[in-house]
Structure formats: structure tokens, C-alpha cells
1. Given the conditions (1) over 18 Å from the mean Cα position of the chain (by Cα); (2) touching a residue at least 40 places away in the same chain (Cβ under 8 Å); (3) assigned to a loop (DSSP other than H, G, I, E, B), which single one is not true for Asp245?
2. Show the residue pairs meeting these rules: Cβ distance below 8 Å; 6+ apart or different chains; first residue within region 330-346 and under 12 Å from Tyr170 (Cβ atoms); second residue part of a strand (DSSP E or B) and among the acidic types (Asp, Glu).
3. Taking the conditions exactly as written (among the polar types (S, T, N, Q) and in contact with a strand residue (DSSP E or B) (Cβ under 8 Å, 6 or more places away or on another chain)), does Asn129 satisfy them or not?
4. Quick test for you: out of Lys68, Lys87, pick the one residue that is in contact with a helix residue (DSSP H, G or I) (Cβ under 9 Å, 6 or more places away or on another chain), touching a residue at least 40 places away in the same chain (Cβ under 8 Å), over 28 Å from Asn145 (Cα atoms) and of a type outside the set (Asp, Glu).
5. Any residue at all in region 354-361 that's assigned to a loop (DSSP other than H, G, I, E, B), in contact with a helix residue (DSSP H, G or I) (Cβ under 7 Å, 6 or more places away or on another chain) and surrounded by fewer than 19 Cβ atoms within 10 Å (Cβ to Cβ)?
6. Inside region 192-235, can you point out the residues that are in contact with a Lys or Arg (Cβ under 8 Å, 6 or more places away or on another chain) and among the acidic types (Asp, Glu)?
7. Quick check, is Asp232 acidic (Asp, Glu), free of Cβ contacts under 8 Å to residues at least 12 places away in the same chain and in the same structural domain as Lys353 (by TED's automatic domain parsing)?
8. Only one residue in Asp130, Asp141 is out of contact with any Leu (no Cβ under 6 Å at 6 or more places or on another chain), at positive phi and not assigned by TED's automatic domain parsing to the domain that holds Asp209, so which one is that?
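The values are calculated or read from the model by the stated rules, or taken from the named source; none is laboratory data. Fair warning: this is a prediction, and the values are worked out from it, not measured in the lab. Neighbour counts are summed over all protein chains in view; Cβ atoms, including those assigned to glycine, are modelled from backbone coordinates with ideal geometry.
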Amino acid sequence: MLINLTNTFLNGCLFFINVVKVYFDTSGCSINFSESEIMKGLLAEHEFEIVNSPEDAFVIIINICTVKNNTNALKKIRKLSELKNKKFIVAGCITKSIIPEIREIVPEASLISTHNIKEIVSVIEETINDNVVEILGKSSDNKINLPRVRKNKIVGIIPISSGCLGYCSYCSVKLIKGDLKSYPIEMIIKEINTALNDGCKEIWLTSQDTGAYGKDINSSLVELLKEIVKIDRGFMIRVGMMNPDHVIRMLDDLIEVYKNPKIFKFIHIPVQSGNNEILQLMKRKYFVGDFKKIVNRFRESFEHITISTDIIVGFPTETKEQFQDSLNLVEEIKPDVINISRFNPRPGTDAAKMEQLSGEDIKNRSRLLTSVFDWVGFSVNKKWSKWGGSVLIDEKGKKGTFMGRNFAYKPIVIEGEFKLGNKVRVQIIDITKHYLVGEVLD
């Protein structure tokens, strides 16, 4: 039996003799993790038990990401569906194209889109009673100030908006998330205070494009940051991804507010290509020169700042010379972090209709860019080789280590026994292309 609901809650209460155990598998961006935290919080309020192993659960909720492709999401669904006697719910960025493929793997799975996470309790109640539910309609609800079970007890993931102002030719996010909807500043401040009361030490501001914040409500990211840093508590702010076309218009004011010690000296600005013709085909609203100006101005203002960017390789019609422009840009700018994506056509986008490059060419370009960055990443990290200072422990690492972040949000691996949220003074003793290694100072 298939029940199709569009932004409505089911009436009535269902009672169970045993507590229903639920496992979440989440992929993708920090927004997806934030929405899983909210769904966990709503379920915990209704006495569902959140467990850490899919084998221990009766219900498995798979919060998927389809920004780059459907393949990874389908692999995850297929693998988890091998578990017997489970109920499945697929959540997240569900495109029209992936629904038939999900149904081939788990015909009995319920579906709930990113817009409708508030209805997770109703969906799970119907699902465990053998009713297959689809809630895929769009909603304008604010997904903020809701119950949460945090993934990391010292990190408050704070959504500041939903949707975006762009119409990038390759991107399916716009098709899923819709137009920009900024949340009121007072609601965001309330959410941050709740996170701080819960013991959070890092506040991550997240959205599809934090640089666009406020443009629909006569406000701005700068205005929001000015209000957040007024909060008289001990915490650090990580500003999420900002597109260059918005940053360039508020560059002076943004640099000024970044001088506040509560803001990590970290910027994530996706350039996507080092060639202006490709940027035009991508329908990006800036030039390579704008990106360079932003990076250079931030570096002039802050001696140590972490620069993160994104590059897509193998965009349709991209020539060898145009790809070389991206390589040249990386060697010139020397970013600390690059997220490299192999172009994959997303159904319903303009780029999917263009002449595609061969898969082999795209792989080769990805490998070459990765190789270039391996050298860049190591050379950039050399400047930290003699650094010493305060680090906030925010993550458990591998083999008994912990991960900390300094004022520039540089990842620093440290050996020892710590608690999340501890602050320690360290000296850098080694560097790699991706992280630094620190030793605790007595």
C-alpha cells in the first residue's frame, strides 16, 4: 500500500510494546548532517531509540546526497538493503530520476524529502505498520530551532537559509532545494544560544550558499555575523561555503567582520574552473579575476588564513587548454583545500544536454589535478612548520589520536588523552599535504 502525503501530518497515535530502534546513515554536506540531527531529535522526543549500528536497528533511515551523482546513494541503499527484517526510509536530496532506481532496490522503502523532515515521526509510524509513504512535496517551513541529537556534542550545525539564488547549468541542488529562503536573524541567534547551552564550542553556519544570506529579507551575511559575535560566550564560528559573486560585493565589510577573534580564519569559496569561458557555460556569475581578488585581499588582511575551494574537472566541451587554466590557477593561488569533482551530468540540468567528454579524459584530468594539489598542499602547510599555539579538540582521530583546530581551522593531529572541547597548547612537529601534526606543550 502506497500513501502519498504532501506536507501534512498524519492524525492519531500508534503505541508499541517495545521501543523501536532507529539507525541513521547520512552522506553529503553539513546541511544533510544537520537534518539528520533534527530527525533524530524529533524521534527521540517520541521515545524512539537511536542506535549506532544498522544491525541493531529495526528501522534504517538513509539520508542521501545526489549533488554529484546517484551512484553513491544507490550503492549505500543497496548495501544496507542486504540486511534482513528491516524497514527502510530514504531521506535527503531525492531527485525524480533516482526514485525508480530506489524502488528497484527496496520497493517497500518510504521516501521523505529534505523539505519535509518535520514529518519523520509520522513517516516512521506508517512505515513500521507496513504502509509505504512518500512525502516529496516542497515546503517553505523554517528548519531551525527544532530538537536535535548532535553528531558531535561540541559542534552546533546552524542552518541559516535554504535554497539559493543561482542557476548553475550543472547543479541539481536548485531543482531540489528551490529559491533562497533566509531564516530571520533572531531565530538563528536563538538556535546558536541553544547549541551553546548544550555545550557546543564550534558554531558552523551552513546553507547552500552562506554568501547569499539575507538577500531576500533585506539583510546580509555581514549583518548576521555582527550579531553573532555579540554573544558573550566562548565559542568559534566557521562560516560555510560562499560563492564568489556574493563575496566580491561585500568584500571590505566581510574582511572587517572576519577580524573578530571568534571567527575562524577560514573561507570556502568554490571557483569551479580556472577558465572564464567555462565559468560562463556553467552559468557562474563571476570571473576568475574576482576569485583571485577575494583570495588576495583576505591574505593581505590575515597572515594565516585557510583557503578552501572546489573545482569541477571535465565539464562538457572543456578543452585541454581550458583545463590547463584550472591547473595554473591552483599553482598560482595555492589553496589549502580543494574539493575535486569529476563532472557527472545531472538529469534536468542544462549541462546534461551538452556534448560530454569521455569518462577516461575526465578521470585523467582528475588524477592530474590531484597530483598538482598534492604538491601544493604540502608546500602550503610548510608555513605552519614552526607554529605553536592554542588548539580546540573537536574530533576523535584514528589509532588513539585526536584532531584539533587552531584559529585558522587547520586540522592538527595530536596524540594523548583528551575530551572533546578541551583547549591545549601545541607545537607543530610534522606536516603532511592534508593536515599538521602537533605535540602538546607542558
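1. For Asp245, the exception is condition (3).
2. Ser341/Asp310
3. Details: among the polar types (S, T, N, Q): yes; in contact with a strand residue (DSSP E or B) (Cβ under 8 Å, 6 or more places away or on another chain): no.
So Asn129 does not fit the description; no.
4. On the way: Lys68 fails: in contact with a helix residue (DSSP H, G or I) (Cβ under 9 Å, 6 or more places away or on another chain).
One residue alone meets the criteria, Lys87.
5. The answer is no; no qualifying residue exists.
6. Listed by number, the residues that qualify are Asp198, Glu202, Asp216.
7. So Asp232 passes the test.
8. So the residue among Asp130, Asp141 that is out of contact with any Leu (no Cβ under 6 Å at 6 or more places or on another chain), at positive phi and not assigned by TED's automatic domain parsing to the domain that holds Asp209 is Asp130.
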